[in-house]
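J.: Okay, handing you the structure first.
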Number of protein chains: 4
Amino acid sequence: RKQSKESIITDIRQTIGSTYGGNYKLRWVQQPRSVFVVKKPSSESTEKAFVELISWLHDKYPQLNIIIEQETTKEFQNKLPFVYIIPEGQKDEYTRVVDFVVTLGGDGTILHVSSQFDHSVPPIISFSMGTLGFLLPFHIRQYESALESLIKGDVSLLLRMRLMCSMWNAERKRIVWNDKEIGILGNLQAMNEVNLHRGRFPHLTAINCFVDEQFLTNAVADGLITATPTGSTAYSLSAGGPIIHPSVQSILLTPICPRSLSFRPISLPPTAKIKMKISEESRAPLEVTVDGRVEMSPYPIPCVNRVGEGVDWVKDINELLKWNQNFVNKQLLTHWW
Amino acid sequence: RKQSKESIITDIRQTIGSTYGGNYKLRWVQQPRSVFVVKKPSSESTEKAFVELISWLHDKYPQLNIIIEQETTKEFQNKLPFVYIIPEGQKDEYTRVVDFVVTLGGDGTILHVSSQFDHSVPPIISFSMGTLGFLLPFHIRQYESALESLIKGDVSLLLRMRLMCSMWNAERKRIVWNDKEIGILGNLQAMNEVNLHRGRFPHLTAINCFVDEQFLTNAVADGLITATPTGSTAYSLSAGGPIIHPSVQSILLTPICPRSLSFRPISLPPTAKIKMKISEESRAPLEVTVDGRVEMSPYPIPCVNRVGEGVDWVKDINELLKWNQNFVNKQLLTHWW
Amino acid sequence: RKQSKESIITDIRQTIGSTYGGNYKLRWVQQPRSVFVVKKPSSESTEKAFVELISWLHDKYPQLNIIIEQETTKEFQNKLPFVYIIPEGQKDEYTRVVDFVVTLGGDGTILHVSSQFDHSVPPIISFSMGTLGFLLPFHIRQYESALESLIKGDVSLLLRMRLMCSMWNAERKRIVWNDKEIGILGNLQAMNEVNLHRGRFPHLTAINCFVDEQFLTNAVADGLITATPTGSTAYSLSAGGPIIHPSVQSILLTPICPRSLSFRPISLPPTAKIKMKISEESRAPLEVTVDGRVEMSPYPIPCVNRVGEGVDWVKDINELLKWNQNFVNKQLLTHWW
Amino acid sequence: RKQSKESIITDIRQTIGSTYGGNYKLRWVQQPRSVFVVKKPSSESTEKAFVELISWLHDKYPQLNIIIEQETTKEFQNKLPFVYIIPEGQKDEYTRVVDFVVTLGGDGTILHVSSQFDHSVPPIISFSMGTLGFLLPFHIRQYESALESLIKGDVSLLLRMRLMCSMWNAERKRIVWNDKEIGILGNLQAMNEVNLHRGRFPHLTAINCFVDEQFLTNAVADGLITATPTGSTAYSLSAGGPIIHPSVQSILLTPICPRSLSFRPISLPPTAKIKMKISEESRAPLEVTVDGRVEMSPYPIPCVNRVGEGVDWVKDINELLKWNQNFVNKQLLTHWW
Ligand SMILES: NC(=O)C1=CN([C@@H]2O[C@H](COP(=O)(O)OP(=O)(O)OC[C@H]3O[C@@H](n4cnc5c(N)ncnc54)[C@H](O)[C@@H]3O)[C@@H](O)[C@H]2O)C=CC1
Ligand SMILES: NC(=O)C1=CN([C@@H]2O[C@H](COP(=O)(O)OP(=O)(O)OC[C@H]3O[C@@H](n4cnc5c(N)ncnc54)[C@H](O)[C@@H]3O)[C@@H](O)[C@H]2O)C=CC1
Ligand SMILES: NC(=O)C1=CN([C@@H]2O[C@H](COP(=O)(O)OP(=O)(O)OC[C@H]3O[C@@H](n4cnc5c(N)ncnc54)[C@H](O)[C@@H]3O)[C@@H](O)[C@H]2O)C=CC1
Ligand SMILES: NC(=O)C1=CN([C@@H]2O[C@H](COP(=O)(O)OP(=O)(O)OC[C@H]3O[C@@H](n4cnc5c(N)ncnc54)[C@H](O)[C@@H]3O)[C@@H](O)[C@H]2O)C=CC1
C-alpha cells in the first residue's frame, strides 16, 4: 500500500559534494499514513506519556496506522489495542512502511531508532521527557502542536549524516556486528560514531588506519573514533575532539588516549573511505578483533527542527555543553568601573 | 586581448553547497598567454632560481608574456629585459590578465600572492627552494617538467577555499585594512585565517561573536582565529585546533588562550556569516579597534597538485607536522618478541 | 623602630626541599605596628571602602601606622590626614617597615603589591569588592572581623611561591625590567608568571630554553610562560596548562601557541634554574629582546586564608574556574529512572 | 642474617614536606649480600642476557646470594644451579632480604618489581634489551661496569614516589586487589598510577572524588587516573596530562575522556588523601565496583641513575616522547637567509 510513497522516502539521501548538510523544508507528497512511535525502556513517566501521545494521535488522526516495537507490545496491548507491530525478522519493512517516527526518551532512543533503519530513514521527531538532550528539540509538553505541524508539513528537517560501516574478519570475510545478522547489502549505519576500543583488555591496541587505500597512520591508543558531525558532541568531544556543526559534511577521526604527543583530531572530506586494521599483535582482545571500513552513508537521519536548526544548535552548545563559559567575565568588568 | 579568457577565469569560483572542495582537472580553453612570477624577497638562492626559471620560460615559450612584481623590476631589468609589470594602482588587472602564477619561496610567498587577488585567482604553481612547506608541492629542481605539464594542461587543481573579510569602525563605516585602500566592493581575501589578537596590549580582549546574526559567544582571550581548512595547519593548529582536510568545506573558529576552560574549536558550515565585535571595554588597543565580518569567499585559490592531492596531504601531515608520532612503537614491539 | 621585627619578617622564606608550600599558622612575635593599605585605581566603590576601612583601623588601633601609596596620597590627604607614605626611591623600606598589607580590589591589586616587594613580604590580606577573584579570600563586608583576627594572630597563612627573574642583554649585561631600575641584588619577583611573548611582532619567536644549564628545547611559538603554582590558574591555564595546587612546590613551563604538535606543559622541580635565550633570528621585536633567567624565589607571598586553604581552593576551582562542569549529569540520571 | 641492614633499607622512605624527590647518593653501610634478578617473560634474547649476567655476577661476587622469581626457577635450575628463590607466600621477605634488584626487560618489568614490594624497596638497576624505555637508564651491553659501580656504591639514586591505594567494598570492608590477598597492613603500591576505568562496560561511569575528605568533583568519564610524577609520562600523558618531573612531589589527577569540556588535569600536593567513590548508578561494571583511597606512599622506588638524573630525563622526554618537535624549524630558517 505504500508504493507511491517510496520514491519520496528514498529521496532522503545525501550525495557527496552535490550538497552539504543543512536544513530542508519538509513537503508531504501524500498525507503520512503510518507512524512509528518508540520509547525508552523502563521509565514510568515515559510510559505514561507514550500512552497519552498514542491515544491522542489515534483520536485526532484515525486514518493513521500507529506502529510500536515488538518488545513494547505486551505491556500495552490492553491500553492501546489498535497499534501495529512489524514482526521480528521483517525490520527491513520499516523503511518501506513508516512515514515518520516519534521518539520519547533521551538521545539514546534516537540512536536506537537509527540503528533500526539500514536504508532510508523517514523524518524523526524527538521529545525529551524533561531532561535536556543534544538530539531532543522538543519537550513532551509540546507534543500536540509539534505533531500537528509535522503532519501538516510545516516543519524543517536537518539531514544528519550517518556513517556506513562494514566489518571483516582476518580471513577477509564479512562478519556480523553486535549479534545482528547483516544481509548481503546490509551495513551498520552509525549516527554518532564507529569506535574501535581496547575494551577490558588492559593493554594498548594498535590500529593501522588507511584513507582511500592510502596508509594514514598507526594509532597506538585506547581506541579510535570515526565520528559524524552529530557524533562530534558525543564520545569524540570527551576524547578532545572539536565541535562540528551538523551541517558540515565531514568525517572526524579522533583518537582515544593515544600513546603519542602529536595525535590531533582530523576532519576528513565526506568522500573519504576509511579502513582500520587491528595490528596483528593486538588481535587478542575480543572487543577489537575485526577490521572495519567506514564511509559516509547515503542515508542520513532527517530530524525535525524546532526553530531554525542553527538557533537550536547554538543554544545547545551553550546551554548543554556549557561551551566557553568564561570565568573572568565578572572580573573583567571590574577593570572598567 | 584577454576577453575570451575571462569567462574561464571567473569560472574558478566556489558556491556553497553546490560543490565541496576537492580536486579538479585543469583544461585550458586557449593556450595560456601571461604568467605572473613571484619570488620571496632578499634570498640569494631564490633570486638565482628566479632568473633561471624566467629565462627558461622565455626561451621555451617566446609567446608567453612574463609579468613580475614592480618591487622586483629594478634589480632585474638588466638580466630580464623582456618582463612586464602591472603599474601600481592597477592591481585589479592581475585577475584579468594573468593566466597562471608561479611562486618561488615559502608558504608566505603564496599567501602574499593570494592577498594580491581580490577576485578570481588563476592557477598557482608553487616551488620550494629546498625547505619544505605545507603549501609547496614542487621542488625547484623539477621546474621544467612541472611547468611543461601545467602549460600542456596536464595537471589537477585543488581549490583552496578563502575567507572574505570586511572591517567596520565604531561608526559603522567600512574601513581600510593594512593601509591598503579597499574599493567599494573590495574585501580582504584570506587564504589562512582572519585573526583578531590583543597584539602588544598586555590585557585580555573580549570579542562578541555572532553567527548568521545570532549571538554565539563572548570570547575573552588573547585572540580569535577564523580559519580556512588550509589555515587549519597554520596558526589555528598552534592554538590547539584540529586538522581540516582542504577538501572539506568549513570555517573553523579557534580561540587563542581563552580565559575559559571550556572553549573548544568549532567547525562551522561554509554558509556561516561570522561577525566579531570588540567589546566596548577592549577598544583601547590599536591592533583590534575594528569589527570584522567574515564569510566564505567565492574566490578560492586553485593550487596545482603534484600527484593526487590526497597523497600529498597525508605525506605533509605526517612528514611536516610530525602528526601522531607514536613514542612506543618500538617498546610495543618488544611485547611480542 | 622595626629592628626587633625584622628577624620575623625575613623568616618568611622558602628553602627548596626543606619544606613544601602549604599552610602555616601566623604568630606575631610583637604586635604589628605598621600596615600598608593598597587599592585598585579609579574605582569609586573601592575608594569609598578604602576610606572607611582606614578610618576604622585608625579608630580601633590608634597605635598602628597606616601607610598608603604615594600615588594615592593627593586624593586622600584631606580625608585621611594621619596616613604615611614611603617616598619614591625608598621602596626597599617596605620590607623593613610594613608588618602586614591590606589590598582592596581584584587579583591585579595583589600582583601589584607583590611587584613592590623585592625581598621578604609581610602577610597580605585581600578583600574583593564584590566581584570574586582567585586570590581574594575575603569579601569587603567582612573587613572588621577579618582584620581583628589577623591582628590577634588568629589566622593561617598560605605561602605562595614566587619566581625570581633576572634579564640580560646581548652583551651579557644585567638590564632593567619595565623601566624600573633594579639594584645590584634586585630581581623581578613574579607571583603569577614570567612570560616571553612575541607581542605585536606578527611572526613567531624562537626561544632556546635551558634547565640547569642543560639544553631543554627550542620553543617556536607566540611565547613561553614560566609560572608558579599560583600562576597556573592565570595565563598558563588559558594556554592549556594544568591546574597546580598552591601547596605544590614546582615551576610550570607552558608554551603559548607552539608551532609543534607535541609541546605539552612541563612541571619542573623547585630547584630548576631556567634560562631562556631569544634566538638570534628573533631578536627584532622590542618585546622580547632579552634573555631571562628564572628560578624559585626565596621570598614567597604569605596570603591570609579564610578557612583552611584547601577548602578555599577547591571552592575556587569549582566556582570561579567552572572546572569539570559535567554536561550530562542530568541526562545520566535519566538512565537510572 | 640481614638484621644489620634493615635499618638502612627502611631508611628509604619519603616523608611529605621534609624532602622533595630528587637525587641521592647511595652509600652502603655494609657490602650488599643479596641481589634479586628479574626478567621479562618469554623473550629469548632476555633469557640469554639473564643467564649471562647472573653467571658473571656469581663468578665475580661469589659471596653474593642471587635470588630469582619462583616462576623462572624451573627453566633455569640446570643452567643456574646456585640461585635462590623466596617461596610463594613469603614475598614479604623480599624487603627484608634483598639488597638491590636488577631488572632485564622493559618498563613493565620494573612496574612488576614495584608491585612485589609492599614496604621499603631496595635500589633497582634496570637494563633495557635494546629497545629504549622511559624507566630504563642502562643498556644491557653496559651491565658489567654498571653493576660494578652499584656494588662499589658509586651511583646516585632517584627516589621515585609511589602511591598507596586501598580498596573498600560497598559494605565498607577492605577488599583484595587483583586476586592478591592483602594483609592487615598491606596496600597496593603503585609506581605509575591507580586507574578506575569503565573497562568493557559500554557506558560512562561516574566517580565522586574527595580530597582530604572534602568533595572535589564528580567525574563522569571513561575513567580517572591518579598518577605519580613517574606515571605522568605513562597513561596520564595519553589522556592529555602534563609531564611532571620525577623530582616534583605531587599527585596528578587526570580524567580519561570526561563528559565535560572543562575538566583540566590537577596536580595536588603530596599531603593529599584522595577518595574515589563509584556512584551508586555506575556500580554495575565489574571493573569498577569498589571505592579507592589513594595517598602518597612512604615507600618510594630508589632507581639507579646513569648520569645526573636531570640529564637522563631531558634526553628521555626529547628522544622517547618526541616532546616539542617543532615542525617549522627549517622553514623558519628560510626567513633569515
Ligand atoms: N592508552 C594508554 O596510554 C594506556 C597506557 N597504559 C599504561 O601502561 C602501563 C602498564 O605498562 P605495561 O603493562 O607494559 O602496558 P602496555 O604493554 O600496554 O605498554 C604500555 C607502554 O607504556 C610505557 N610506559 C610504562 N610506564 C611508563 C612511564 N612511567 N613513562 C613512560 N612510558 C611508560 C611502556 O614502555 C609501554 O610502551 C600502565 O601503568 C599505564 O600507565 C595502560 C593502558 C592504556
Ligand atoms: N590570555 C590570557 O589568559 C592572559 C592572561 N593574563 C594574565 O593576567 C595577569 C595580569 O592580571 P591583570 O593585570 O589583572 O590582567 P587582566 O586585566 O588582563 O586580567 C587578567 C585576569 O586574570 C585573573 N587572574 C590574575 N591572576 C590570577 C590567578 N593567579 N589565578 C586566576 N586568575 C587570575 C584576573 O582576576 C583577571 O580576571 C597576568 O599575570 C597573566 O597571568 C595576561 C594576558 C593574557
Ligand atoms: N603561533 C603561531 O603559530 C603563529 C602562526 N602564524 C601563522 O603564520 C602565517 C603567516 O606566515 P608568515 O608570514 O610566513 O609567518 P611566519 O614567518 O611567522 O611563519 C609562519 C610559519 O607557518 C607556516 N605556514 C604558513 N601557512 C601554513 C599553512 N597553511 N599550513 C602549514 N604551515 C603554514 C610557514 O611555512 C611558516 O613556517 C599566518 O597566516 C599564521 O597562520 C602567525 C603568527 C603566530
Ligand atoms: N567517555 C565518553 O564520553 C563516552 C561516550 N559514549 C557515547 O555515548 C553514546 C551512546 O549513548 P548511550 O547509549 O545513551 O550511552 P550513555 O548512557 O553512556 O550516555 C551517553 C551520554 O551522551 C549523550 N549523547 C549521546 N549522543 C550525543 C550527541 N550526539 N551529542 C551530545 N551528547 C550525546 C547522551 O545524552 C548521554 O548523556 C555513544 O554513541 C558515545 O558517543 C559512550 C562511552 C563513553
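J.: Rounded, prolate or oblate, given the Cα gyration tensor of region D:28-111, with a/c below 1.5 counting as rounded?
T.: rounded
J.: Give me a single rounded figure for A:154-167: the average over its residues of other chain Cβ atoms within 10 Å of their Cβ.
T.: That works out to 0 on average.
J.: Moving on. Give me D for region B:33-73 in µm² s⁻¹, whole number, from Stokes-Einstein with Rh from the Kirkwood sum over alpha-carbon pairs, 25 °C and 0.890 mPa s.
T.: Rounded to a whole number, D works out at 229 µm²/s.
J.: Using per-residue counts of other Cβ atoms within 10 Å, averaged over each peptide, order C:39-51, C:142-154, B:120-132 from highest down.
T.: Per-residue Cβ counts within 10 Å, averaged per peptide and sorted highest first, yield B:120-132, C:39-51, C:142-154.
J.: How high is the FRET efficiency between B:S279 and B:Q214 when r is their beta carbon distance and R₀ equals 25 Å, given to the nearest 0.05?
T.: Computed FRET efficiency for B:S279 and B:Q214: 0.90.
J.: Would you mind checking the pairs A:K273/B:K315; A:K40/D:K277; D:K91/D:K275; A:K152/A:K322; A:K277/B:K315; A:K25/A:K322 and listing those with alpha carbons more than 24 angstrom apart?
T.: Violating the 24 Å limit, Cα to Cα: A:K40/D:K277; D:K91/D:K275; A:K152/A:K322; A:K25/A:K322.
J.: Determine the shielding of peptide D:193-203 by partner chains: average, over its residues, the number of Cβ atoms on other chains within 10 angstrom of each Cβ.
T.: So the per-residue partner count for this stretch is 3.
J.: When only alpha-carbon atoms are used, what values of Rg and Dmax, in angstrom, describe region C:212-283?
T.: In order Rg, Dmax, the Cα atoms of region C:212-283 give 12.3, 39 Å.
J.: Please report which chain D residue places its beta carbon nearest the axis carrying chain D onto chain B, with the distance rounded to a whole angstrom.
T.: D:S262, 2
J.: While we're here: Taking each label point as 7 Å beyond Cα in the direction of the beta carbon, state the distances from B:Q70 to the same residue in the other copies, shortest first, in nm.
T.: Relative to the other copies, B:Q70 has label-point distances of 5.4, 7.9, 9.0 nm.
J.: Averaged over peptide C:231-242, how many Cβ atoms belonging to another chain are found within 10 Å of each residue's Cβ?
T.: Counting other chains' Cβ atoms within 10 Å and averaging over C:231-242 gives 5.
J.: What are the nm distances, shortest first, from C:P81 to its equivalents in the other copies, labels at 7 Å along Cα→Cβ?
T.: C:P81 label point versus its equivalents elsewhere: 9.3, 10.0, 10.6 nm.
J.: Further question: Treating the point 7 Å from Cα along Cα-beta-carbon as the label, what are the nm separations from A:S145 to the other copies, to one decimal?
T.: Here A:S145 shows inter-copy label distances of 5.0, 6.9, 8.4 nm.
Throughout, read-outs are computed from the coordinates displayed, never taken from laboratory work. Predicted model, so just to flag it, every value in this text is computed and none were measured. All Cβ positions, glycine included, derive from the backbone under ideal geometry; neighbour counts span all protein chains shown.
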